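Take a look at the following structure, please.
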Amino acid sequence: MSEIPSTAYPFEEPASVGEPRLDAFHRLVAVVDRLRDPESGCPWDLKQRAETLTASLVEEAFEVVEAIEERAEAGSTEDHVAEEAGDLLMNIVLIARIEEQAGRFSLADLAGDVADKLIRRHPHVFADGAAGSDEDVLVNWEAIKKQEREDAQVDASAVAGVPAALPALQRAYRVSGKAMSAGFRWENSAGQLAKITEELDEVKEAFGPGPEHDPERKAELEDELGDLLLASAFFGRYNKIDPEAALRKSLRKFEARFREVEGAFGGDLTGRSLEEMMAAWELAKVKLASKG
């Protein structure tokens with residue numbers, strides 16, 4: 001393979017404005033603009049459309065989340081958060097450039113609009129509004145957002161505006177927060193805990209005696225399990241625990257313990273009794289806890 005000279009398409013570094021954040025962002029914008037240049041750009045980048053980047057946008061966002069959570073669990077400053085957040089930022093800048101070239105909106109429009117929104121929704125910072133706590137901020141935010149939707153003559157329900165494509169548990173957490181901010185809430189989380197107990201009893205009742213794979217039984221169980229998960233998401237909101245993050249944490253623990261169980265049997269669980277596997281599971285819990 002022939003070597004491409006580094007001077008084939010020289011890149012002119014943008015002039016510094018003396019502010020490191022702006023200089024770095026200006027450079028990123030210039031790099032993306034070059035990648036999308038019809039004459040000297042990258043064939044892959046030139047082929048992209050906003051629609052083709054949605055999957056990578058979601059993937060990059062989850063990689064940022066994973067990096068943040070792994071850093072928090074490890075208690076370490078050595079992490080990949082900056083790298084993953086940079087990849088996400090690159091996707092946003094690339095999409096904005098694609099949209100600008102299509103004549104829809106520019107990065108300037110995007111940044112200007114979101115800055116305006118932040119100012120509008122933080123009257124306690126940029127105007128004469130008041131907010132004594134983070135909960136006050138959220139209540140005010142939802143009220144302002146609701147008014148904006150009414151002014152725009154779109155769905156102004158208190159629970160509007162949560163993307164349907166969000167993971168269901170995360171969406172439940174967001175919807176619960178909106179409903180609670182609107183006043184739909186127990187006095188404290190004890191009321192919601194009682195609701196979980198109630199929903200669990202209904203799951204048990206639906207499970208009841210009968211054939212395990214009966215379609216009607218399955219449909220009823222599905223409804224009741226969904227109600228139980230929703231009630232749990234509400235409970236997380238009362239206690240400021242994101243159920244999506246809590247479940248991811250539990251899954252990481254499960255995976256680590258399961259791998260220990262596999263290792264205890266040479267990587268093959270075939271023919272092992274439940275009693276053997278559960279004994280190995282308990283040993284795995286102790287082993288991993290001592291490492292933590």
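Quick note: the coordinates plus some simple rules give every number you see, no bench work behind them. Every value quoted in this text rests on a predicted model; they were computed, and no experiment measured them. When we count neighbours, we look across all protein chains shown, and the Cβ atoms used for this are built from the backbone with ideal geometry, even at glycine.
Mind giving me the FRET efficiency for F207 and A108? R0 is 51 Å, r the Cβ-Cβ distance, nearest 0.05 is fine.
0.35
Can I ask one more? Return the lysines within reach of K285: Cα separation strictly under 20 angstrom, same-chain partners fewer than 8 residues apart disregarded; answer none if there are no such residues.
The reachable lysines, counting only those whose Cα sits under 20 Å from K285, are K249, K253.
Going by a ≥ b ≥ c, the root eigenvalues of the Cα gyration tensor, does region 242-292 fall in the rounded group (a/c under 1.5), the prolate group (a/b larger than b/c) or the oblate group?
Prolate, because a/c is 1.5 or more and a/b exceeds b/c.
Taking only Cα atoms and a 10 Å spring cutoff, compute GNM fluctuations for the chain and point out the largest among V154, V81, V65.
V154
Given N residues in region 118-170, what is its alpha carbon radius of gyration divided by 2.2 N^0.38 Å?
1.29
Next up: Between region 117-151 and region 186-261, how far is it from one alpha carbon centroid to the other, in angstrom?
The two parts, judged by their Cα centres, are 33 Å apart.
How high is the FRET efficiency between V17 and D155 when r is their beta carbon distance and R₀ equals 45 Å, given to the nearest 0.05?
0.60
Quick one: compute the contact order of region 152-292, relative version, from alpha carbon pairs under 8 angstrom and 6+ residues apart, as a percent.
Computed value for region 152-292: 23 percent relative contact order.
With the contact rule set at Cα under 8 Å and sequence spacing of 6 or more, what percent relative contact order holds for the chain?
9 percent
Which residue, P209, P43, P243, has the most motion in a Gaussian network model of the chain that connects Cα atoms within less than 10 Å?
P209
Please label the shape of region 195-292 as rounded, prolate or oblate, based on the square roots a ≥ b ≥ c of the eigenvalues of the alpha-carbon gyration tensor (a/c under 1.5 means rounded; beyond that, a/b larger than b/c means prolate, else oblate).
Oblate shape, in that a/c is at least 1.5 and b/c is the bigger or equal ratio.
Quick one: plug the Kirkwood hydrodynamic radius of region 69-211 (C-alpha pairs) into Stokes-Einstein at 20 °C, 1.002 mPa s, and report D in µm²/s.
109 µm²/s
Which helices pass in the chain if a helix is a full DSSP H run, must span at least 18 angstrom along its long axis by Cα, and must have mean Kyte-Doolittle hydropathy not below 0.5?
81-101
Find how much the distance from V31 to D214 grows on full extension, using 0.36 nm per residue of separation minus their present alpha carbon separation; answer in nm with one decimal.
60.0 nm
Compute the Rg/Rh shape ratio of region 20-120: radius of gyration over Kirkwood radius, all on alpha-carbon atoms.
1.02
Checking the a/c ratio against 1.5 first, then a/b against b/c, what shape does the Cα gyration tensor give for the chain?
oblate
According to the Cα gyration tensor, what semi-axes, each the square root of 5 times an eigenvalue, does the equivalent ellipsoid of region 129-286 have, listed from largest to smallest in whole Å?
Square roots of five times the eigenvalues give 39, 21, 15 Å.
Let me ask you something else. Taking Rh as the Kirkwood radius, which is the inverse of the mean 1/r over Cα pairs, what is the Rg/Rh value for region 161-241?
In region 161-241, Rg relative to Rh is 1.05.
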